[in-house]
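What follows is one structure encoded as structure tokens, with my remarks underneath.
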Amino acid sequence: MNRLILLLALPVCAQSVAPVDALIEAGHWKRARAQTEARLRANPNDAQAHAWLSKIRGGFGDLEGSIESAGRSVALNPNSASNHAQLAEACAMMADKAHVWKSIANVRRMKREIAAALALDERHIDTMLVDMMFSWKAPSIAGGDKALAERLADRILSISTAWGALAHARLLQDQGDDATTEGWLKRAVQAEPGFYRARVSLARFYCCTSVRHRPELAEKAALEAIALDPEAEPAYSILARVYASQQRWSDLENVVERASRAVPDNLGPFLAGAQALLDTGQDFRRAERYIARYLSQPPEGRQPTHAEAHWLLAALHEKEGRKQEAIRELRAALELESGFEPARASLKRLLRA
């Protein structure tokens, strides 16, 4: 769903147990923002709070603001590897989105910050994750180096088995090697059985990213993740997709409503269920109801925007032959985000049809 393909599939939270970091790792971006803003009101020169605000702004799509806040955190405390790592991440995210010349400037700044962070702490996992994903995703002309990415994953593995296994699995995500990817994800779970991210990553693999989806294993892993943290959203969204694709209507209704009680500030499971219904061509009325529910409150960080939800609803209407309603939803999407090119392209196509 997300049109902003974040360069970092492994957000920087690997090396901190601070309360705001824990909220971010669990996907509670709104709560993290409230705590961080309160801390900055008390002390505008709180370097750690500016670093958190950078990550939070990035989570809500404010990439310029993310770089600004990360830069402030580094200026206030240049001896923190984590602050340099956050600025590197913010620059990487901007480079992934910006036009070519601005991307070059952000890549150069990202590399400087990576070097600064590793000079302070050569075992800093968060920094290596940023470097790894850039090296893996970027073209060679921009400094990409897949062999370097694999070496960085090995380096992370030597420091933390769980994070290193997740790093290796991430590099394999789009390669079609299900057996090896599954092995790495299982290794992450075995290394730290109480690590929510490892469990939910395994569930997402079985549900959504493997070549051959295995819904029964996705359900098992997602339920195990919920048992670890019933107030985190991702496992509920995976279950919503599984149940929708299997036409398990009672289970689907139960899981989205359970999620709305457990994580009331994140309605992502409703949109995940709607997307699965659209993908499988089933129960469009239920999908429409779920999208309306998602639109009933502001989205959580790193969740689809309301513009994207309107775009999804337009696709649903188009499949039903409700052209004018699809056009209305696309216009609504563009009113929210005038630069949302997928909606613009869809609207242009429908108006010409």
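Some notes on this structure:
- Tally of residues being in a helix (DSSP H, G or I) and in contact with a Leu (Cβ under 9 Å, 6 or more places away or on another chain) across region 326-347: 12
- Among the residues making up region 289-325, those that are outside any helix (DSSP H, G or I) and not polar (S, T, N, Q) are 295, 298, 299, 300, 301, 302, 304, 320, 321, 322.
- When each of 279, 265 is tested for being at pLDDT 95 or above, within 23 Å of the chain's Cα centre (by Cα) and in a loop (DSSP other than H, G, I, E, B), the lone residue that passes is 265.
- Residue-level check: of (1) in a helix (DSSP H, G or I); (2) surrounded by 24 or more Cβ atoms within 10 Å (Cβ to Cβ), residue 27 misses just (1).
- Unmet requirement for residue 296, which otherwise passes all of (1) farther than 26 Å from residue 26 by Cα; (2) surrounded by fewer than 17 Cβ atoms within 10 Å (Cβ to Cβ); (3) touching a residue at least 12 places away in the same chain (Cβ under 8 Å): (1)
- Among the residues making up region 131-141, those that are at pLDDT below 95, outside any loop (DSSP other than H, G, I, E, B) and over 18 Å from the mean Cα position of the chain (by Cα) are 140, 141.
- Of all residues in region 62-79, those being crowded, with 20+ Cβ neighbours inside 10 Å and within 16 Å of residue 97 (Cα to Cα) number 3.
- Qualifying position, being under 18 Å from the mean Cα position of the chain (by Cα) and either more than 22 Å from residue 97 (Cβ to Cβ) or surrounded by 16 or more Cβ atoms within 10 Å (Cβ to Cβ) (or both), among 327, 291, 238: 238
- Among the conditions (1) without any contact (Cβ under 8 Å) to a residue 60 or more places away in the chain; (2) closer than 24 Å to residue 235 by Cβ, the only one that residue 125 does not satisfy is (1).
- Applying the criterion of being of a type outside the set (D, E, K, R) and closer than 13 Å to residue 315 by Cα to the residues of region 265-279, the residue that is surrounded by the most Cβ atoms within 10 Å (Cβ to Cβ) is 274.
- For residue 285, the test of being touching a Pro at 6+ places or on another chain (Cβ under 9 Å), part of a helix (DSSP H, G or I) and among the basic types (Lys, Arg) is failed.
- From the list 339, 321, the lone residue that is within 22 Å of the chain's Cα centre (by Cα), free of Cβ contacts under 8 Å to residues at least 12 places away in the same chain and farther than 24 Å from residue 28 by Cβ is 339.
- Qualifying position, being out of contact with any Gly (no Cβ under 7 Å at 6 or more places or on another chain), hydrophobic (A, V, I, L, M, F, W, C) and under 22 Å from residue 248 (Cβ atoms), among 271, 334, 350: 271
The values are calculated or read from the model by the stated rules, or taken from the named source; none is laboratory data. No experiment lies behind these values; they were computed from the predicted model shown. Note: ideal-geometry Cβ built from the backbone for every residue, glycine included; neighbour counts use all protein chains shown.
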